[in-house]
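Laboratory data are not the source of any read-out in this text; all were calculated from the coordinates shown. Keep in mind it's a predicted model, so treat the numbers as computed, not measured. FYI the Cβ positions are ideal-geometry reconstructions off the backbone, even for glycines, and counts take in every protein chain you see.
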Amino acid sequence: MNERIFFNWLLIGWFILAVVIFISLFFMVAPYGRYTRKGWGLTLNNRLGWVVMESMSPLVFAACFFFGSNVKTLTLLLFFLMWEAHYVHRSFIYPFSLQDKVKRMSVVVVVMGFFFNGVNAYLNGRYIFTFSSGYPDDWLLDPRFICGLIIFIIGFVINRRADSILRNLRKQDESDYKVTSNGLYRFISCPNYLGEILIWVGWAIATWSLAGLSFALWTIANLVPRARAHHAWYRSYFPDYPPERKALVPRLW
């Protein structure tokens, strides 16, 4: 079996697994963050765990870029910068910007995140930089790239703004949960998740690839059930939580 055949079968399996995870997460909330609970084995510092599992994405994607066989066009460079702009921040900056006290994270969760990010970065990076037919510079004028880039940027801004609002709700070393009506939090409980979904939907459109589509599907599979769980948690934890606020999509859901 050569690598291209392996890649194709892995991609097919990745789509199937995303559907399985999507259904499963409606019945079981992933045990990290506020849902951390006993029974998941060894734990480690949550900031360290976050760096370990997320750093696979920028590192593997960078390796695919530098060792890829496709001609390094301006389009490929922009794809590289789009991915790294999100994941360098997510892996090495975001964990240390958190204001709350250091918490614990299950090693099982870290291993699963490490595996997911490695496979996901491989599928996207290997396709774009080696297995695709190439992305010439005139792809930058293609409506698919332009539309995808706009959605990506909108999602990027929403995600960063939402994270900033949440971070500023707490003082250093505070751990209590709080609510806000700033920004999109006025309308939905999880604008940070909405932003991330838009980022990778935009990516799928801009790259116009099955690998990109698989990432968008995985993002939806993970974050839609979690947004639902967050919304229910907020309503139960805060008796005066705004009843008109939706979970993920303003005015709809």
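Points worth noting:
- Angle in degrees between helix 143-169 and the longest Cα principal axis of the chain, rounded to the nearest 10: 30 degrees
- Least to most buried among Ile220, Ile128, Ile23 (fewest other Cβ within 10 Å first): Ile23, Ile220, Ile128
- When the Cα gyration tensor is reduced to axis lengths a ≥ b ≥ c, the ratio a/c is 1.5 or higher for region 1-61, and with a/b not above b/c it is classed as oblate.
- Rounded to 10°, Cα long-axis angle of helix 191-207 versus longest principal axis of the chain: 10 degrees
- The chain, relative contact order in percent, only Cα pairs under 8 angstrom and at least six apart counted: 24 percent
- Relative contact order (percent, whole number), region 200-253, Cα cutoff 8 Å, 6+ residue spacing: 23 percent
- In this label model, Lys178 and Ile23 are separated by 4.2 nm, measuring between points 7 Å along each Cα→Cβ vector.
- Bridgeable lysines around Lys103 (alpha carbons under 26 Å apart, same-chain partners fewer than 8 residues away excluded): Lys38, Lys171, Lys178.
- Here the Karplus relation 6.51 cos²θ - 1.76 cosθ + 1.60, evaluated at θ = phi - 60°, turns the backbone of region 13-23 into coupling constants of x, 5, 5, 4, 5, 4, 5, 4, 5, 4, 5 Hz, with x for every Gly and Pro.
- Rounded Å value of the spacing that divides the Cα centres of region 34-88 and region 232-253: 31 Å
- Annotation: amide H-H contacts under 5 Å for Ile188 (H modelled 1.01 Å from N, sequence separation of 5 or more, or interchain): Lys246.
- Averaging the sequence gap over all C-alpha pairs within less than 8 Å and six or more residues apart, then dividing by the number of residues, gives region 27-165 a relative contact order of 40 percent.
- Only helices enter the 222 nm calculation for the chain: every DSSP H run of n ≥ 4 contributes -39,500 (n - 2.57), and dividing by all residues gives -21000 deg cm²/dmol, rounded to 500.
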